[in-house]
1. Please enumerate the residues belonging to the range 1-37 that are at pLDDT below 85, within 21 Å of Ile133 (Cβ to Cβ) and not aliphatic (A, V, I, L, M).
2. Which pairs do you get when a residue that is within 12 Å of Lys75 (Cβ to Cβ), found in the range 37-54, comes within reach of a residue that is of a type in the set (Gly, Ala, Ser), reach meaning Cβ atoms under 8 angstrom, with the pair 6+ apart or on two chains?
3. Can you name every residue in the range 120-129 that is within 14 Å of the ligand (Cβ to nearest atom) and in contact with a helix residue (DSSP H, G or I) (Cβ under 6 Å, 6 or more places away or on another chain)?
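The values are calculated or read from the model by the stated rules, or taken from the named source; none is laboratory data. Predicted model only: the values in this text are computed from it and were never measured. A quick note on method: Cβ atoms are made from the backbone with ideal geometry, for glycine too, and the neighbour counts reach across all protein chains shown.
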Amino acid sequence: MTAPVNLYDGHYGHLEAETYQQIRNETYGEDLGQASWITVDESDQFYSWLNLEPSAQVLEIACGSGGFSAYIARKYKVDVTGVDLNQEGITAATHRADREGLTASLHFQVADANEQLPFSDASFEAVFCNDSINHLRNRLAALKEWFRLLKPTGRLLYTDPILVTGQLSNEEMTIRSSIGYYLFTPLGINEQLLAEAGFDLVHVEDVTANVALTAGRWHAAREKRKDVLLQFEPQERYEGVQRFLWVTHKLAEEGRLSRYAYVAQKER
Ligand SMILES: C[S@@+](CC[C@H](N)C(=O)[O-])C[C@H]1O[C@@H](n2cnc3c(N)ncnc32)[C@H](O)[C@@H]1O
(Lines give C-alpha, C1' and ligand atoms only; values in the text may rest on other atoms or scores of the structure.)
Protein backbone atom coordinates (compact mmCIF):
# COMPACT_ATOMS: atom_id res chain seq x y z
CA MET A 1 0.00 0.00 0.00
CA THR A 2 1.38 3.45 -0.90
CA ALA A 3 1.41 5.89 2.02
CA PRO A 4 -0.85 8.94 1.48
CA VAL A 5 2.03 11.24 2.55
CA ASN A 6 5.46 10.33 1.14
CA LEU A 7 7.77 11.77 3.82
CA TYR A 8 10.82 9.54 3.50
CA ASP A 9 11.53 9.73 -0.28
CA GLY A 10 11.21 13.53 -0.12
CA HIS A 11 13.36 13.73 2.99
CA TYR A 12 16.22 11.48 1.82
CA GLY A 13 16.01 12.64 -1.82
CA HIS A 14 16.60 16.31 -0.86
CA LEU A 15 18.90 15.64 2.07
CA GLU A 16 21.74 17.83 0.86
CA ALA A 17 19.64 20.76 -0.42
CA GLU A 18 20.45 23.89 1.60
CA THR A 19 16.86 24.63 2.64
CA TYR A 20 16.42 21.15 4.10
CA GLN A 21 19.75 21.45 5.96
CA GLN A 22 18.60 24.78 7.44
CA ILE A 23 15.32 23.16 8.51
CA ARG A 24 17.15 20.30 10.24
CA ASN A 25 19.54 22.72 11.97
CA GLU A 26 16.57 24.67 13.35
CA THR A 27 14.75 21.46 14.29
CA TYR A 28 17.53 19.51 16.00
CA GLY A 29 20.20 22.10 16.88
CA GLU A 30 22.74 19.88 15.07
CA ASP A 31 21.99 18.20 11.76
CA LEU A 32 22.54 14.44 11.51
CA GLY A 33 20.21 14.11 8.51
CA GLN A 34 17.66 12.50 10.80
CA ALA A 35 14.00 11.88 9.89
CA SER A 36 12.86 11.33 13.46
CA TRP A 37 12.87 12.77 16.98
CA ILE A 38 16.51 12.08 17.94
CA THR A 39 18.95 14.91 18.76
CA VAL A 40 22.72 14.80 19.23
CA ASP A 41 22.40 14.94 23.06
CA GLU A 42 20.02 12.04 22.95
CA SER A 43 22.36 10.12 20.60
CA ASP A 44 25.11 10.38 23.24
CA GLN A 45 22.72 9.24 25.97
CA PHE A 46 21.50 6.28 23.90
CA TYR A 47 25.08 5.35 23.02
CA SER A 48 26.02 5.30 26.73
CA TRP A 49 23.18 2.85 27.44
CA LEU A 50 24.64 0.41 24.87
CA ASN A 51 27.70 -0.12 27.09
CA LEU A 52 30.16 -0.53 24.20
CA GLU A 53 33.94 -0.53 23.78
CA PRO A 54 35.70 0.98 20.71
CA SER A 55 35.71 -1.40 17.69
CA ALA A 56 32.42 -2.99 18.75
CA GLN A 57 30.15 -4.13 15.90
CA VAL A 58 26.82 -2.28 15.88
CA LEU A 59 23.78 -2.92 13.69
CA GLU A 60 21.38 -0.02 13.09
CA ILE A 61 17.97 -1.14 11.87
CA ALA A 62 16.04 1.40 9.73
CA CYS A 63 19.04 3.76 9.73
CA GLY A 64 17.54 6.18 7.18
CA SER A 65 20.34 8.39 5.85
CA GLY A 66 22.77 6.97 8.42
CA GLY A 67 23.29 10.06 10.60
CA PHE A 68 23.32 8.25 13.96
CA SER A 69 25.53 5.46 12.56
CA ALA A 70 28.05 7.99 11.22
CA TYR A 71 27.95 10.02 14.45
CA ILE A 72 28.84 7.07 16.70
CA ALA A 73 31.37 5.64 14.22
CA ARG A 74 33.17 9.00 14.15
CA LYS A 75 32.92 9.87 17.85
CA TYR A 76 33.17 6.48 19.56
CA LYS A 77 35.23 4.50 16.98
CA VAL A 78 32.75 1.65 16.62
CA ASP A 79 31.96 -0.22 13.38
CA VAL A 80 28.39 0.22 12.22
CA THR A 81 26.26 -1.60 9.66
CA GLY A 82 23.04 0.22 8.79
CA VAL A 83 20.04 -1.22 6.96
CA ASP A 84 16.91 0.49 5.69
CA LEU A 85 14.14 -0.36 3.25
CA ASN A 86 14.41 3.02 1.53
CA GLN A 87 16.90 3.09 -1.37
CA GLU A 88 17.17 6.92 -1.26
CA GLY A 89 18.08 6.71 2.45
CA ILE A 90 20.80 4.10 1.82
CA THR A 91 22.20 6.08 -1.14
CA ALA A 92 22.42 9.21 1.04
CA ALA A 93 24.00 7.18 3.89
CA THR A 94 26.62 5.70 1.54
CA HIS A 95 27.49 9.18 0.20
CA ARG A 96 27.86 10.41 3.77
CA ALA A 97 30.30 7.57 4.63
CA ASP A 98 32.39 8.43 1.51
CA ARG A 99 32.27 12.17 2.18
CA GLU A 100 33.31 11.77 5.83
CA GLY A 101 36.05 9.22 5.06
CA LEU A 102 34.34 6.55 7.16
CA THR A 103 34.04 3.76 4.61
CA ALA A 104 36.22 1.41 6.72
CA SER A 105 33.86 1.53 9.70
CA LEU A 106 30.45 2.25 8.12
CA HIS A 107 28.48 -0.06 5.81
CA PHE A 108 24.97 0.45 4.53
CA GLN A 109 22.60 -1.78 2.61
CA VAL A 110 18.97 -1.97 1.65
CA ALA A 111 17.11 -4.61 3.67
CA ASP A 112 13.54 -5.18 4.83
CA ALA A 113 13.44 -5.53 8.62
CA ASN A 114 10.14 -7.40 8.30
CA GLU A 115 12.23 -10.29 6.94
CA GLN A 116 15.23 -12.29 8.15
CA LEU A 117 18.31 -10.04 7.85
CA PRO A 118 21.39 -11.10 5.82
CA PHE A 119 23.77 -11.52 8.80
CA SER A 120 25.02 -14.57 10.71
CA ASP A 121 23.99 -15.44 14.28
CA ALA A 122 25.80 -13.51 17.03
CA SER A 123 27.42 -10.94 14.69
CA PHE A 124 26.89 -7.75 16.73
CA GLU A 125 27.59 -6.34 20.20
CA ALA A 126 24.61 -3.98 19.85
CA VAL A 127 21.44 -3.56 17.83
CA PHE A 128 19.91 -0.08 17.67
CA CYS A 129 16.63 1.03 16.12
CA ASN A 130 15.37 4.60 16.49
CA ASP A 131 11.73 5.60 15.91
CA SER A 132 11.15 2.84 13.38
CA ILE A 133 9.91 -0.33 15.12
CA ASN A 134 6.38 1.01 14.73
CA HIS A 135 6.74 0.46 10.96
CA LEU A 136 7.34 -3.29 11.38
CA ARG A 137 4.39 -5.66 11.17
CA ASN A 138 5.40 -8.48 13.54
CA ARG A 139 7.24 -7.09 16.56
CA LEU A 140 7.87 -10.42 18.24
CA ALA A 141 9.42 -11.83 15.05
CA ALA A 142 11.62 -8.71 14.70
CA LEU A 143 12.77 -8.91 18.34
CA LYS A 144 13.60 -12.63 17.95
CA GLU A 145 15.59 -11.81 14.82
CA TRP A 146 17.55 -9.06 16.61
CA PHE A 147 18.17 -11.49 19.53
CA ARG A 148 19.63 -13.97 17.00
CA LEU A 149 22.01 -11.32 15.64
CA LEU A 150 23.36 -10.26 19.05
CA LYS A 151 26.40 -11.79 20.74
CA PRO A 152 25.88 -13.04 24.31
CA THR A 153 25.64 -10.00 26.68
CA GLY A 154 24.99 -7.79 23.63
CA ARG A 155 22.46 -5.00 24.03
CA LEU A 156 19.41 -3.89 22.11
CA LEU A 157 18.15 -0.30 22.29
CA TYR A 158 15.04 0.81 20.44
CA THR A 159 12.55 3.62 20.77
CA ASP A 160 8.83 3.11 20.25
CA PRO A 161 7.29 6.51 19.46
CA ILE A 162 3.74 5.20 18.99
CA LEU A 163 2.71 4.22 22.52
CA VAL A 164 -0.91 4.92 23.31
CA THR A 165 -1.00 6.77 26.64
CA GLY A 166 -4.26 8.71 26.27
CA GLN A 167 -7.29 9.20 24.08
CA LEU A 168 -6.82 9.57 20.32
CA SER A 169 -9.49 10.43 17.76
CA ASN A 170 -9.75 8.49 14.51
CA GLU A 171 -8.72 11.65 12.64
CA GLU A 172 -5.59 12.10 14.78
CA MET A 173 -4.61 8.45 14.31
CA THR A 174 -5.10 8.75 10.53
CA ILE A 175 -2.90 11.86 10.27
CA ARG A 176 -0.23 10.48 12.66
CA SER A 177 0.02 7.31 10.56
CA SER A 178 -0.27 8.99 7.14
CA ILE A 179 3.39 8.37 6.17
CA GLY A 180 3.32 4.55 6.12
CA TYR A 181 2.42 1.39 8.03
CA TYR A 182 2.02 2.13 11.77
CA LEU A 183 1.52 -0.11 14.79
CA PHE A 184 -0.11 1.68 17.75
CA THR A 185 0.90 -0.12 20.97
CA PRO A 186 -0.35 0.16 24.57
CA LEU A 187 2.18 0.54 27.40
CA GLY A 188 3.43 -2.79 28.77
CA ILE A 189 3.40 -4.76 25.49
CA ASN A 190 7.05 -4.03 24.63
CA GLU A 191 8.20 -5.44 27.99
CA GLN A 192 6.15 -8.61 27.40
CA LEU A 193 7.46 -9.11 23.86
CA LEU A 194 11.09 -8.49 24.88
CA ALA A 195 10.78 -11.19 27.55
CA GLU A 196 9.11 -13.56 25.08
CA ALA A 197 11.96 -12.99 22.60
CA GLY A 198 14.49 -13.98 25.31
CA PHE A 199 15.76 -10.56 26.43
CA ASP A 200 16.43 -9.26 29.96
CA LEU A 201 15.11 -5.72 30.34
CA VAL A 202 17.85 -3.32 31.49
CA HIS A 203 16.23 0.12 31.33
CA VAL A 204 13.05 1.87 30.16
CA GLU A 205 12.74 5.65 29.85
CA ASP A 206 10.01 8.02 28.71
CA VAL A 207 11.63 10.11 25.94
CA THR A 208 8.47 11.80 24.65
CA ALA A 209 9.73 15.33 25.31
CA ASN A 210 12.00 15.22 22.24
CA VAL A 211 8.99 14.47 20.00
CA ALA A 212 7.06 17.51 21.24
CA LEU A 213 10.18 19.67 20.83
CA THR A 214 11.45 18.51 17.43
CA ALA A 215 8.07 18.01 15.70
CA GLY A 216 7.03 21.54 16.75
CA ARG A 217 10.30 23.07 15.54
CA TRP A 218 10.28 21.04 12.30
CA HIS A 219 6.74 22.27 11.54
CA ALA A 220 7.69 25.92 12.24
CA ALA A 221 10.96 25.76 10.25
CA ARG A 222 9.09 24.36 7.21
CA GLU A 223 6.26 26.89 7.45
CA LYS A 224 8.79 29.75 7.43
CA ARG A 225 10.22 28.38 4.15
CA LYS A 226 6.96 27.37 2.52
CA ASP A 227 7.62 29.25 -0.75
CA VAL A 228 11.01 27.58 -1.26
CA LEU A 229 9.73 24.13 -0.22
CA LEU A 230 6.96 24.34 -2.81
CA GLN A 231 9.68 24.35 -5.48
CA PHE A 232 10.78 20.89 -4.19
CA GLU A 233 7.46 19.39 -3.04
CA PRO A 234 4.01 19.24 -4.59
CA GLN A 235 1.55 21.33 -2.50
CA GLU A 236 -0.30 18.20 -1.43
CA ARG A 237 2.87 16.67 0.06
CA TYR A 238 3.86 19.95 1.73
CA GLU A 239 0.45 20.20 3.42
CA GLY A 240 0.36 16.49 4.32
CA VAL A 241 3.78 16.70 6.03
CA GLN A 242 2.72 19.87 7.89
CA ARG A 243 -0.47 18.19 9.19
CA PHE A 244 1.58 15.12 10.20
CA LEU A 245 4.14 17.23 12.11
CA TRP A 246 1.52 19.36 13.84
CA VAL A 247 -0.51 16.38 15.07
CA THR A 248 2.70 14.60 16.14
CA HIS A 249 3.71 17.67 18.17
CA LYS A 250 0.27 18.07 19.77
CA LEU A 251 -0.18 14.40 20.74
CA ALA A 252 3.28 14.30 22.33
CA GLU A 253 2.88 17.60 24.15
CA GLU A 254 -0.45 16.48 25.59
CA GLY A 255 1.00 13.07 26.55
CA ARG A 256 -1.61 11.14 24.56
CA LEU A 257 0.94 9.39 22.33
CA SER A 258 4.33 8.68 23.97
CA ARG A 259 7.83 7.62 22.98
CA TYR A 260 9.82 5.32 25.24
CA ALA A 261 13.37 3.95 24.92
CA TYR A 262 13.83 0.26 25.77
CA VAL A 263 17.27 -1.17 26.59
CA ALA A 264 17.51 -4.96 26.80
CA GLN A 265 20.30 -7.50 26.99
CA LYS A 266 20.89 -11.00 25.61
CA GLU A 267 21.72 -12.80 28.86
CA ARG A 268 23.49 -11.04 31.68
C1 LIG B 1 11.19 7.75 11.37
S2 LIG B 1 12.35 7.16 10.18
C3 LIG B 1 13.76 6.98 11.22
C4 LIG B 1 15.03 6.88 10.47
C5 LIG B 1 16.30 6.93 11.36
N6 LIG B 1 16.30 5.82 12.30
C7 LIG B 1 16.38 8.26 12.08
O8 LIG B 1 16.30 8.26 13.34
O9 LIG B 1 16.49 9.30 11.40
C10 LIG B 1 11.80 5.48 9.90
C11 LIG B 1 12.67 4.69 8.94
O12 LIG B 1 12.17 3.34 8.91
C13 LIG B 1 12.41 2.84 7.60
N14 LIG B 1 11.62 1.62 7.43
C15 LIG B 1 10.28 1.52 7.36
N16 LIG B 1 9.91 0.24 7.19
C17 LIG B 1 11.06 -0.49 7.14
C18 LIG B 1 11.35 -1.88 6.97
N19 LIG B 1 10.36 -2.78 6.80
N20 LIG B 1 12.63 -2.29 6.96
C21 LIG B 1 13.65 -1.39 7.10
N22 LIG B 1 13.43 -0.05 7.27
C23 LIG B 1 12.16 0.39 7.29
C24 LIG B 1 12.03 4.02 6.72
O25 LIG B 1 12.53 3.89 5.41
C26 LIG B 1 12.65 5.18 7.50
O27 LIG B 1 13.97 5.43 7.07
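1. Listed by number, the residues that qualify are Asn6, Tyr8, Asp9, His11.
2. Between residues of the range 37-54 that are within 12 Å of Lys75 (Cβ to Cβ) and residues that are of a type in the set (Gly, Ala, Ser), the close pairs are Val40/Gly29; Leu52/Ala126.
3. Passing the criteria: only Val127.
One line per residue, one yes/no per condition, for (1) farther than 28 Å from Ser48 by Cβ; (2) within 16 Å of the ligand (Cβ to nearest atom):
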position	(1), (2)
Met173	yes, no
Phe184	yes, yes
Ile189	no, no
Asp200	no, no
Glu205	no, no
Thr214	no, yes
